[in-house]
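Student: There's a structure below that I have some questions on.
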Amino acid sequence: MTVYLDTSVVLSRFLGQPNALRSWGTWDRVFTSVLMRAEFFRTLDRLRLENSIDDSERVALSQHFFTLWEATYRIPLSPAVLERAAEPFPTVLGTLDALHLASALVIARAYDDRPTLLTHDRQLSQAANALGLPTEGT
């Protein structure tokens, strides 16, 4: 199975949250946006500053992230992604979610394969479903 991995799924898995996907790692090919790195580390820094994680946990989470990062196909914020993200979507989406969905749609066109969008974000899932992309995680 080809999947597009949203940051929410990675964070829930790495932080041991109860909504973590049971199907984690069962994919054949995994794509994500280069945005995921910034989103992931911004969240880690916020959690550390809020004392939700300590320095050693941050280091461990960073190491887990980079192991995953090396195993993904990373989609750049290309002109095609930026143009699609600026176009209308069938549901309300914030900018980062629009960039993630546009990245998944670019993959679908480039590979003639509709990736399953893995996300815990309900709005992102609804928009993806409205555009014909399967989702998992919500």
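Student: Within region 97-111, identify whether any single residue is of a type in the set (Asp, Glu), assigned to a helix (DSSP H, G or I) and in contact (Cβ under 8 Å) with a residue 24 or more places away in the chain, and answer yes or no.
Tutor: The answer is yes, given that some residue of region 97-111 is of a type in the set (Asp, Glu), assigned to a helix (DSSP H, G or I) and in contact (Cβ under 8 Å) with a residue 24 or more places away in the chain.
Student: Let me ask you something else. Every residue in region 14-38 that is surrounded by fewer than 17 Cβ atoms within 10 Å (Cβ to Cβ) and either hydroxyl-bearing (Ser, Thr, Tyr) or not in a loop (DSSP other than H, G, I, E, B) (or both), please.
Tutor: SER23, THR26, ARG29, ARG37, ALA38
Student: Give THR91, THR116, THR95, THR72 a once-over and let me know the one that is farther than 18 Å from GLY16 by Cβ, loosely packed, with under 13 Cβ neighbours inside 10 Å and among the hydroxyl-bearing types (Ser, Thr, Tyr).
Tutor: Result: THR95 is the single residue among THR91, THR116, THR95, THR72 that is farther than 18 Å from GLY16 by Cβ, loosely packed, with under 13 Cβ neighbours inside 10 Å and among the hydroxyl-bearing types (Ser, Thr, Tyr).
This table checks each residue for (1) closer than 21 Å to ASP97 by Cα; (2) in contact (Cβ under 8 Å) with a residue 40 or more places away in the chain; (3) over 14 Å from the mean Cα position of the chain (by Cα).
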| residue | (1), (2), (3) |
| --- | --- |
| LEU5 | yes, yes, no |
| ALA20 | yes, no, no |
| SER23 | no, yes, yes |
| VAL34 | yes, yes, no |
| LEU44 | yes, no, yes |
| ASN51 | no, no, yes |
| THR67 | no, no, yes |
| TYR73 | yes, yes, no |
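Throughout, read-outs are computed from the coordinates displayed, never taken from laboratory work. None of these values were measured; they are calculated from a predicted model. All Cβ positions, glycine included, derive from the backbone under ideal geometry; neighbour counts span all protein chains shown.
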